[in-house]
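Asks: Here you go, one structure.
The values are calculated or read from the model by the stated rules, or taken from the named source; none is laboratory data. As the structure is a prediction and not an experimental result, all values here were calculated from the model. All Cβ positions, even for glycine, are placed from backbone atoms using ideal geometry, and neighbour counts span all protein chains on display. The area values use the complete protein model at the heavy-atom level, side chains included, leaving out ligands, DNA and RNA. Shrake-Rupley method; radii C 1.70, N 1.55, O 1.52, S 1.80 Å.
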Amino acid sequence: MQVILASLGGGLPESLTEECAAALRQAGCILGAKRLLEHLPQGCTENRIAAIRPEELLEAIMGQQTDCAVVYSGDTGFYSGAKGLLPLLRERGIPARVLPGISSVQLLSARLGRPWQDWILTSAHGTDCDAVRAVMRGKPAFFLTGGLLGPAEICGRLAEAGLGALPVTVGENLSYPDESITSGTAEQLAGRSFSSLSVLLAEAAPQMERRSPGFPDSAFLRGDVPMTKQEVRAAALAKLAVRPGDIFWDVGAGTGSVSVELALASEGGAVFAVECSDAACGLIRANREKFCAWNLHVIEGRAPRTLETLLPPDGVFIGGTKGGMAEIVDLALRRNENARICISAIAVETLSAAVAALKSHGIQPQVTQISVSRGKPAGGLHLLMANNPVFLITGNCDG
């Protein structure tokens, strides 16, 4: 017995390759999703079994005495269920042959008259995905959709992150008679209803050019809210050893200057800027938009209560605690005992509290004092004017 894993392309015979059509006509049994079995080419066997899960397909195949074909929509190599069935067949020594087909990404690309070779390809079909991360990679992002995460839900997430004006295109029922292409912005399409057979193309999100940490202070919108200065910011990011994909908490975020730098450095990650001041939260949102830091999430409220529902952090920067230092450190390390922690302090009382909070967890704190003086014109001369010295207290940052 041999098993053919055949691609049906868009799902109708018109998008089926001749190779797949011939294999289907020769098969003694055809298995797959009910929707696909209803649209097979003429001349195929009536011995058809509706099944989707790899284990169900394998059980049905084992009960056959003839060559079988398993049909999949799109292409067997593009987020296909064929990936799950092939190892099961090989484990049992059942010969299997894979036949490629036309994928949904190819169909949408053709309808739009655009090449797809530089698109970011992401599946949201029956699984969760980070839509913001996908569009922040500097290229158009294509999403297979389905289940609870359809085009409208993905557009809603983009709009929530501040990307409501991002151009998007939805392809519904591609290759079917009721095929439809809809274009608009993420905000416009977030409230629409779409077919369960839909794909989404989102254009690349506007980006700030990536650079080393330490944007000039003048680059940030400030108002009257305290801000971590450039030199301290750069040192803090170095201490936190930011990596792509990291999750960070910035507690007492102020203007969001550290949050922005963390968000841009942790490409594909997420930064939660926690701040209890309404004015500061407004500045954080404004700076997020100015710097295109779309993976920055503003959490308005007081720590540690607001931290309970956040994703476990890989790193935590603490710039202000309103007296809750020990509780914030306790919660961060409870969520991730290996979280890298950097605490900024200008008062000796805060320094003492930070050292005590880390020591209570058996962590030996590393204390660094940063003293910065900046030149200021004075007649024909320049004088150095000292900023307040700042302590950076770190834990778990040496690994």
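Asks: Scan the stretch 22-36 residue by residue and report those that are in a helix (DSSP H, G or I) and crowded, with 18+ Cβ neighbours inside 10 Å.
Replies: Once the filter is applied, which keeps residues that are in a helix (DSSP H, G or I) and crowded, with 18+ Cβ neighbours inside 10 Å, the stretch 22-36 yields A23, L24, L36.
Asks: Output the number of the condition that K322 fails; it satisfies all remaining conditions of (1) touching a Cys at 6+ places or on another chain (Cβ under 9 Å); (2) closer than 18 Å to F391 by Cα; (3) in a loop (DSSP other than H, G, I, E, B); (4) open to solvent by less than 40 Å² (accessible area, probe 1.4 Å).
Replies: With respect to (1) touching a Cys at 6+ places or on another chain (Cβ under 9 Å); (2) closer than 18 Å to F391 by Cα; (3) in a loop (DSSP other than H, G, I, E, B); (4) open to solvent by less than 40 Å² (accessible area, probe 1.4 Å), K322 is out only on (4).
Asks: Based on what the data block shows, is L351 open to solvent by less than 90 Å² (accessible area, probe 1.4 Å) and in a helix (DSSP H, G or I)? Give the steps one after another, and end with the answer.
Replies: Numbers: open to solvent by less than 90 Å² (accessible area, probe 1.4 Å): yes; in a helix (DSSP H, G or I): yes.
Yes: the conditions hold for L351.
Asks: A further question on this structure: How many of the residues making up the stretch 166-191 are at pLDDT below 95 and farther than 20 Å from R111 by Cα?
Replies: Count: 1.
Asks: Scan the stretch 127-167 residue by residue and report those that are charged (D, E, K, R) and either in a helix (DSSP H, G or I) or buried (at least 18 other Cβ atoms within 10 Å of the Cβ) (or both). Talk me through it step by step, then tell me what you get.
Replies: Filtering the stretch 127-167 for residues charged (D, E, K, R) gives 128, 130, 133, 137, 139, 153, 157, 160.
Of everything in the stretch 127-167, those that are charged (D, E, K, R) and either in a helix (DSSP H, G or I) or buried (at least 18 other Cβ atoms within 10 Å of the Cβ) (or both) turn out to be R133, E153, R157, E160.
Asks: List every residue pair whose Cβ atoms sit under 8 Å apart, with the two residues 6 or more apart in sequence or on different chains, where the first one lies in the stretch 369-386 and is closer than 30 Å to A354 by Cα and the second, anywhere, is in a loop (DSSP other than H, G, I, E, B) and at pLDDT below 90.
Replies: Close Cβ pairs satisfying both conditions: S371/N387; V372/N387; S373/N387; R374/N387; A386/V372.
Asks: Of all the residues that make up the stretch 55-101, how many are under 19 Å from E19 (Cα atoms), among the small types (G, A, S) and open to solvent by 40 Å² or more (accessible area, probe 1.4 Å)?
Replies: If we filter the stretch 55-101 for residues that are under 19 Å from E19 (Cα atoms), which is where we start, we get 67-78, 80, 82, 95-101.
Subset that is among the small types (G, A, S): 69, 73-74, 77, 80, 82, 96, 101.
If we keep only those that are open to solvent by 40 Å² or more (accessible area, probe 1.4 Å) too, we end up with 73, 77, 96.
Number of matching residues: 3.
Asks: Could you tell me whether any residue of the stretch 106-125 is farther than 20 Å from S198 by Cβ, open to solvent by 20 Å² or more (accessible area, probe 1.4 Å) and of a type in the set (A, V, I, L, M)? Full working, then the answer.
Replies: Going through the stretch 106-125, the residues farther than 20 Å from S198 by Cβ turn out to be 115, 117-118.
Subset that is open to solvent by 20 Å² or more (accessible area, probe 1.4 Å): 115, 117-118.
Narrowing further to those that are of a type in the set (A, V, I, L, M): none.
No; the residues of the stretch 106-125 include none that is farther than 20 Å from S198 by Cβ, open to solvent by 20 Å² or more (accessible area, probe 1.4 Å) and of a type in the set (A, V, I, L, M).
Asks: Here is a check on your reading of the model: is L358 crowded, with 20+ Cβ neighbours inside 10 Å, more than 19 Å from M227 (Cα to Cα), without any contact (Cβ under 8 Å) to a residue 40 or more places away in the chain and in contact with a His (Cβ under 8 Å, 6 or more places away or on another chain)?
Replies: Values: crowded, with 20+ Cβ neighbours inside 10 Å: yes; more than 19 Å from M227 (Cα to Cα): yes; without any contact (Cβ under 8 Å) to a residue 40 or more places away in the chain: yes; in contact with a His (Cβ under 8 Å, 6 or more places away or on another chain): no.
Criteria not met by L358.
Asks: Against the conditions (1) open to solvent by 20 Å² or more (accessible area, probe 1.4 Å); (2) modelled with pLDDT of 95 or more, where does L16 fall short? Just the number, please.
Replies: Only one criterion is unmet by L16, namely (2).
Asks: Can I ask one more? Filter the stretch 325-345 for residues that are among the hydrophobic types (A, V, I, L, M, F, W, C) and part of a loop (DSSP other than H, G, I, E, B) and give the result.
Replies: Of all residues in the stretch 325-345, those among the hydrophobic types (A, V, I, L, M, F, W, C) come to 325-326, 328-329, 331-333, 339, 341-343, 345.
Selection gives A339 alone.
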